[in-house]
1. Look through the stretch A:191-242, keep the residues that are touching a strand residue (DSSP E or B) at 6+ places or on another chain (Cβ under 7 Å), touching a residue at least 40 places away in the same chain (Cβ under 8 Å) and over 25 Å from residue A:293 (Cα atoms), and return whichever of them is farthest from the other protein chains (Cβ to nearest Cβ).
2. Of the conditions (1) open to solvent by 30 Å² or more (accessible area, probe 1.4 Å); (2) part of a loop (DSSP other than H, G, I, E, B); (3) modelled with pLDDT of 95 or more; (4) more than 9 Å from chain A (Cβ to nearest Cβ), residue B:150 fails just one. Which one is it?
3. Filter the stretch B:29-48 for residues that are of a type outside the set (A, V, I, L, M, F, W, C) and free of Cβ contacts under 8 Å to residues at least 40 places away in the same chain; which is nearest to the other protein chains (Cβ to nearest Cβ)?
4. Of the residues that make up the stretch B:70-90, is at least one touching a helix residue (DSSP H, G or I) at 6+ places or on another chain (Cβ under 9 Å), of a type in the set (Asp, Glu) and assigned by TED's automatic domain parsing to the domain that holds residue B:216?
5. Which condition number does residue B:120 fail, the rest of (1) within 17 Å of residue A:108 (Cβ to Cβ); (2) touching a residue at least 60 places away in the same chain (Cβ under 8 Å); (3) more than 9 Å from chain A (Cβ to nearest Cβ) being met?
6. Of everything in the stretch A:77-106 that's open to solvent by 30 Å² or more (accessible area, probe 1.4 Å), in a helix (DSSP H, G or I) and more than 21 Å from residue B:60 (Cβ to Cβ), which residue is nearest to the other protein chains (Cβ to nearest Cβ)?
7. Mind listing just one residue for me: the one in the stretch B:163-174 that is surrounded by fewer than 20 Cβ atoms within 10 Å (Cβ to Cβ) and touching a residue at least 40 places away in the same chain (Cβ under 8 Å) and, of those, farthest from the other protein chains (Cβ to nearest Cβ)?
Number of protein chains: 2
Amino acid sequence: MQTQEDYLAGLLEHGLLFSTGVDGLFGRSALFEATVDGLNALVTKHGDGFNAESVTYPPSMSRVDFEKSGYLKSFPGLAGSIHSFAGDDRAHRDLLADLEAKRDWSGRQKITDVVLTPAACYPLYPLAASRGQMPKEGLCFSLCSWCFRHEPSRDPARMQAFRQREYVRMGTAEQVVAFRASCIERGEAIVQLLELPYHLDVANDPFFGRAGKMMANNQRDQKLKFEMLIPITSDEHPTACLSFNYHQDHFGLAWGIKTADGEVAHTACVGFGMERITLALFRHHGFELANWPAGVRQALAL
Amino acid sequence: MQTQEDYLAGLLEHGLLFSTGVDGLFGRSALFEATVDGLNALVTKHGDGFNAESVTYPPSMSRVDFEKSGYLKSFPGLAGSIHSFAGDDRAHRDLLADLEAKRDWSGRQKITDVVLTPAACYPLYPLAASRGQMPKEGLCFSLCSWCFRHEPSRDPARMQAFRQREYVRMGTAEQVVAFRASCIERGEAIVQLLELPYHLDVANDPFFGRAGKMMANNQRDQKLKFEMLIPITSDEHPTACLSFNYHQDHFGLAWGIKTADGEVAHTACVGFGMERITLALFRHHGFELANWPAGVRQALAL
């Protein structure tokens, strides 16, 4: 098995990723992007029966909505808030003097109304809530968004900026649990088409601090999160490339999302780590597209 | 002519954009995105002869590279820096107490190594420089990136988060000036295919402060920037939807980019405001795709 450093070096040498000098932040080549596009289309094809409404959000979201979501309670260190300069000519001269002297200029920035999107579905819940009571069959949405997580790493499969494709289901507990089961089946079908080794496991989010350990245990005990793991830079520690999450009534309560019967809605989502799956393809089928199995190229229209 | 508020209300009512509660930050519908995709493909088709290398960057870039670019000198108020929490359990409790009490929690965030990309081409220059002296014919790149500018506005055509498609040319002054002229021709051909009213004009960037006025005048006098203006929310103040920029040796000097002869490279770029052109299409052809001219739908494969 290649190490993180070897695999990263291979990706850079073959011109699939471009270094920016910051760990976890890369430019992508045309082939890398064509693979992401092919994967996106394949996911759409396999989501056919969901009748999902497609909504596209920018990589940033409302700070007020973000504060309300509870993300800072669970993952404070991963979040990114956006700050801007709001001073006059004199303050600008001071800012430039800081830059010139290589001093810290961050104190001259003020927090804005915008934060970076931590997971594709976060901006969606307030939209769903704003539409009022949902139809009897519930709701399903399709999203693809750039997400940000502040976790600089040498592992190319742990990027700070990456794309997450999601389907999000809202409705009764029965509806969303059935949806999640169907997503696991479809996810397995996709990964099999891509001829990638995988296994499915119960998982937990990386909740912060001592209180977070309890939340993680609870999440595992209740099997709220499953992950499809594929070895990329380690056989021992394979990478979560797809995740299947049952949020119970967490977002329904936070946003007041209501089912047709006026009950608090339950929600579930499936998330595809687009960069991670793409990296798994280059890891298992090689850096040269010409050497990939014919079936995989066909599945991705490559 | 519709006012900004009328046009925004129409976009929201017809479900083309979704409000996030923050000015200049919107969700996009499937039709809006299909239009952006069609436009992107149309731009690619018209860039055929450029032999451009396609590179895709995330919505964020290296802070060190950003500091070096000079952006904070010219547009400090538009920039967005990304800040994260780096504290322990106790600091986390304080953060949550701030949130609970609706106090300002921004002081608990520390600046990271990452800032938001202000224009699609900013992360590209260090990549080009890292490749060393360029071939005789120079270089051409194709980019499409989410950009951020902190300028909250009620004008839907002035978003904080938007996509910019760019072609960037690097080489001798003659090469990049000829490229820019060719981009203006191609840009006109695209906008004519889309049956949008437009005019071309000399322009200047919104440089900051008193010193910025001189820079703006200089930019206009030397005709370094042209814009293709299309009325969207005002006939009097049409919106810059495409821009054609000759940077002279600004980026070449900043990054040490060299031509085949070892001279400092000149650079030029054309930028397509993907959301702005899309908004212009809905403004001039109506909110209902069925009513659009057949030629426009055909050009966009809609």
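The values are calculated or read from the model by the stated rules, or taken from the named source; none is laboratory data. The shown structure was predicted, so the numbers you read here are calculated from the model rather than taken from an experiment. For neighbour counting, all protein chains shown are included, and Cβ atoms are generated from backbone atoms with ideal geometry for every residue, glycine included. When the accessible area is computed, the model is the full protein with side chains, heavy atoms only, and any ligands, DNA or RNA have been set aside. Shrake-Rupley method; radii C 1.70, N 1.55, O 1.52, S 1.80 Å.
1. Applying the filter and picking the extreme gives A:226.
2. Here residue B:150 clears every test but (4).
3. B:33
4. There is no residue in the stretch B:70-90 that is touching a helix residue (DSSP H, G or I) at 6+ places or on another chain (Cβ under 9 Å), of a type in the set (Asp, Glu) and assigned by TED's automatic domain parsing to the domain that holds residue B:216.
5. Condition (1) is where residue B:120 drops out.
6. Only one residue fits best here, namely A:89.
7. By that ranking, first place goes to B:173.
Here's the yes/no breakdown for (1) of a type in the set (Ser, Thr, Tyr); (2) in contact with a Pro (Cβ under 6 Å, 6 or more places away or on another chain); (3) surrounded by fewer than 16 Cβ atoms within 10 Å (Cβ to Cβ):
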site	(1), (2), (3)
A:5	no, no, yes
A:10	no, no, no
A:15	no, no, yes
A:21	no, no, yes
A:35	yes, no, no
